[in-house]
Structures are given as structure tokens and as C-alpha cells.
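Where a number appears in this text, it was derived from the coordinates with a stated rule and is not lab data. Treat the numbers as computed from the prediction; the structure is a model and nothing was measured. No Cβ is skipped: glycine too gets one built from the backbone with ideal geometry, and neighbour counts run over all protein chains shown.
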Amino acid sequence: MARLRKGNRDLIKEINRNLVLNLIKSRGPLSRTDIARLSGLSLATVSGITNDFIASGLVHEIGAGESTGGRRPVLLRLNYQAGYVVGAKLMEHAIASAVTDLDAKVLYHRVIPLTTAGMDLADILQAVIQAIQRTIVESGVASQRVLGIGVGMAGVIDGAAGICRYSPFFGWRDAKIAEPIAAHFRVPVYLENDVNALTIAEQWFGHGHGVDHFVVVTVGRGIGAGIVANGQFYRGALGGAGEFGHITLVEDGPPCNCGKRGCLEALASDPAVVRQARAAMALGERTRLAGVEPLTLEAIVEAAEAGDALARRLLADSGRWLGVGIASLVNILNPKLVILSGEGVRAGEWRFGPMRDALQAHTFDGLADELETVIEPSGDETWARGAACVVLGELFKSPVHKGEAADLMMAVA
Ligand SMILES: [Zn+2]
């Protein structure tokens with residue numbers, strides 16, 4: 001092997017540190033000998049790395065493990081309280097934020113209402129900063145122990161630049177989000193599309209952990225998807241991959257928020273179901289929903305449970321459209337697992353029973369055989385935790401996946 005440039009040596013060191021950290025995280029508690037065996041690194045290298053981790057507080061030594069004859073080895077475990085991260089989800093009418101430990105366990109969360117009328121970008125960023133500040137203070141975690149902040153929001157997000165390329169809710173184009181927040185808190189700030197953040201949370205800490213091919217589909221106010229293929233999170237050329245709610249299912253169908261027509265979201269999202277209920281009542285259909293205000297998805301689910309035919313039919317229709325859409329995702333990506341999340345999950349089997357039938361009916365033969373679907377209830381806290389997991393994902397992600405693969409290839413050439 002050619003002599004390595006210093007930059008390459010640093011990268012290899014970084015890769016080894018990451019390998020050891022992830023082994024302790026996923027397989028720990030482990031002895032130094034176990035880590036050397038599992039990683040293929042020398043015991044001296046492993047000891048050097050783990051001593052650094054112990055000195056920084058990231059790893060703890062805990063009691064002795066099973067002896068295989070000689071002295072019982074000391075076991076190492078990740079110290080999940082070595083630092084904390086904050087996640088915030090910026091929504092149209094509220095900011096949800098949460099403080100988590102390094103195991104993505106939520107220690108504290110809160111939702112602060114947001115009135116955006118008359119507010120410009122700078123005002124809204126100020127509100128986000130205040131919400132994060134308040135959450136940190138109320139969590140009781142010392143601000144100097146916060147390692148990073150993740151911010152999630154709907155729209156097309158350029159995560160690397162920390163810029164929101166397009167937000168349908170706020171009407172922003174190329175809005176700088178991460179930089180002003182980072183300047184205030186003086187820690188790294190990661191901006192991510194909200195559904196992508198939830199997907200990263202599933203990848204590192206949820207059902208997707210260890211699964212190389214899965215998609216997260218969120219249903220609620222909108223419909224979105226996050227994609228993991230070959231173990232890698234898939235962003236697309238502009239960071240806009242997964243705008244699943246805007247695939248066209250009915251040409252010239254009902255108008256969609258995006259300005260187009262007949263999108264899945266315009267047919268099957270929670271607001272679409274509410275709109276369809278109002279339209280049916282306007283045509284004189286008899287239903288328990290008559291006079292119910294505000295007419296919400298909860299009210300429709302309640303009516304379905306009480307035997308209302310219209311409510312049941314509309315939830316089933318929405319599930320069927322969803323199943324048709326997801327079948328296309330499955331036909332293109334062949335995932336092993338589909339995780340359904342978002343506020344719309346509360347419609348339960350009224351929506352997901354028909355969804356499964358449609359998914360089965362429209363998936364290419366063979367691709368549905370081993371396909372697993374998981375329904376993951378979620379609320380504002382889940383979205384905020386997702387944003388926090390973007391920071392944790394960066395912490396545990398291999399440097400090779402941080403865009404330095406080319407350097408590595410030079411190093412080993
Ligand atoms: Zn659309």
C-alpha cells in the first residue's frame with residue numbers, strides 16, 4: 001500500500017472510531033477483546049479508541065463479563081447520557097420540540113402554538129429559536145451538554161446547505177434556516193424534511209434498524225414517503241425524493257395543495273376525507289356527521305365506529321387509494337418493510353384494512369410475499385424526536401457515508 005497522506009490517515013482513524021462506536025452501540029456491552037474480534041482491528045487500536053471514548057465520557061466501563069479462563073474482562077457500554085440533542089418540527093400552526101439522550105429517548109417535549117399571520121421568515125426563525133431555548137431550559141439539561149439540533153419541516157430541503165428550497169405551507173423559496181439557528185446556539189444544526197427525519201429515526205432507532213430496504217409512509221394532513229435503499233437513505237438529486245403524496249392517481253381529479261390535480265394526497269389525506277364528507281352531506285347523504293363541527297378525522301373515525309356508513313366508506317376509500325399508491329412504491333423499490341406513520345394512523349383498521357387489500361391486489365406478483373407492514377402511532381412528539389434523530393444519525397454515521405468515499409478509495413488504492 002502506498003504511504004497514506006495525513007488526511008487519509010485521519011479518515012481511516014475516523015472510520016475505525018465509528019466502527020468501534022457502532023459495535024458498542026448495537027452489540028454492547030462488549031469487552032475490548034470482543035470489539036477487536038468483531039471489528040478485525042488490533043487490540044492496541046481498540047484500546048486506544050475506547051480509552052478516548054472513556055475519557056470523553058461517551059463510553060462507560062461496567063462490571064466484569066464472563067471469563068473464558070483468564071482474568072474476567074471489563075465490559076464497555078455506551079453512555080447515553082454523555083450528551084443530549086434537541087429536535088424541533090416546524091409546522092404551520094405550532095412548533096413541537098423535544099430533548100433526547102443519545103439513545104433517542106425523549107426526556108422532555110412540548111408543543112408551542114405558532115401564529116404565522118404577519119410574520120416573515122426572520123420572525124418565524126426567532127419563534128423557532130425561542131421554542132428550542134424554552135424546551136432546553138424546561139428539560140433541565142445544561143445547554144452546554146446539547147451536542148446538536150435537528151429541525152424538521154415539510155417541503156423540499158437541501159440538508160447539506162441547511163436551506164429550505166421550497167415550502168408549500170410558508171411559501172418560502174431558498175430560505176436559510178440552519179445557519180441563523182446555529183449562530184444563536186453555537187452547535188451544529190441539521191435541517192431535514194420532516195418525513196425524512198422520521199425515516200432516519202426508524203433507520204437508527206426503530207423498526208428499520210438493520211433493514212436495508214424499507215419505506216416510511218406518513219399519512220395525515222399530507223402524505224409523504226421516506227426511502228432507505230441498500231441501507232442508505234435516499235434523497236434524490238435535489239433532496240426532494242419521496243414526494244409520494246403528489247403522484248397522480250386520477251388525471252383531472254380533485255385539486256391538490258401543490259396546485260396540480262388528482263394527487264394521492266388530494267384523494268386520501270385527512271383533509272381530503274373531511275372534504276369528501278362535506279361534499280356528500282351537501283348532496284343530502286344521511287350521516288351522523290351532519291352538524292358536527294369542527295368536522296375532523298377524529299369525528300369521522302368516531303362515526304365509523306358508531307356504524308355510520310358514509311364515514312366507513314370514506315375511510316375505506318382513502319385506505320384503498322393509499323394501498324394503490326403504496327403498491328407502486330413497492331413495485332419500484334421492492335422494500336422488505338413499509339412503516340406507516342403520521343397523525344392519520346389514528347383512523348386504524350377502517351383505513352388500513354382496505355389499504356392492505358389494495359396493496360395486495362396491485363403489487364406485482366411475488367413482491368408482496370415477504371413484505372411486512374408496520375403501523376406506528378405518532379404524534380407531535382414523534383416528529384420532534386425524528387428531527388433529533390437526524391443529529392444522532394450524523395453522530396453514528398460512518399464517515400464513508402458523509403461523502404468522503406472518494407477520499408477513502410484514494411487511501412486504500
Ligand atoms: Zn399534489
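Points worth noting:
- Extending 7 Å from Cα along the Cβ direction at Asn22 and again at Ala306 yields two label points whose distance is 5.3 nm.
- Over the residues of the chain, the helix contribution to mean residue ellipticity at 222 nm works out to -13500 deg cm²/dmol, using -39500 (n - 2.57) for each DSSP H run of at least 4.
- Sequence-distant aspartates and glutamates (8 or more away, or on other chains) whose Cα lies within less than 12 Å of Lys89: Glu192, Asp194, Asp380, Glu381
- In the range 210-375, the ratio of gyration radius to Kirkwood radius, Rg to Rh, stands at 0.99 when only Cα atoms are counted.
- Other residues whose C-beta falls under 14 angstrom from the C-beta of Asn334 contribute a net charge of -4, scoring Lys and Arg +1 and Asp and Glu -1.
- Proximity of backbone amide H atoms, modeled 1.01 Å from N, is registered between Arg288 and no other residue at under 5 Å, excluding neighbours fewer than 5 places apart on the same chain.
- For the range 98-139, the equivalent ellipsoid derived from the alpha-carbon gyration tensor has semi-axes of 25, 9, 8 Å in decreasing order.
- 5 angstrom amide H check on Val151, placed H, neighbours 5+ away: Ala88, Tyr190, Leu191, Glu192
- Degrees, to the nearest 10: 380-396 long Cα axis against longest axis of the chain: 30 degrees
- Rounded FRET efficiency, nearest 0.05, which uses the C-beta distance separating Leu367 from Glu138 and R0 of 45 Å: 0.45
- The packing ranking, built from the mean of other Cβ atoms within 10 Å per residue, places the peptides 250-257, 153-160, 193-200, 275-282 in the order 193-200, 153-160, 275-282, 250-257, highest first.
- Cut-off 14 Å between beta-carbons: net charge of the residues surrounding Leu41, Lys and Arg +1, Asp and Glu -1: +1
- Working note: Cα gyration tensor of the range 6-79, eigenvalues times five, square-rooted, sorted largest first, giving semi-axes of 22, 13, 10 Å.
- Inverse mean reciprocal Cα-Cα distance (Kirkwood Rh) of the chain, Å: 23.3 Å
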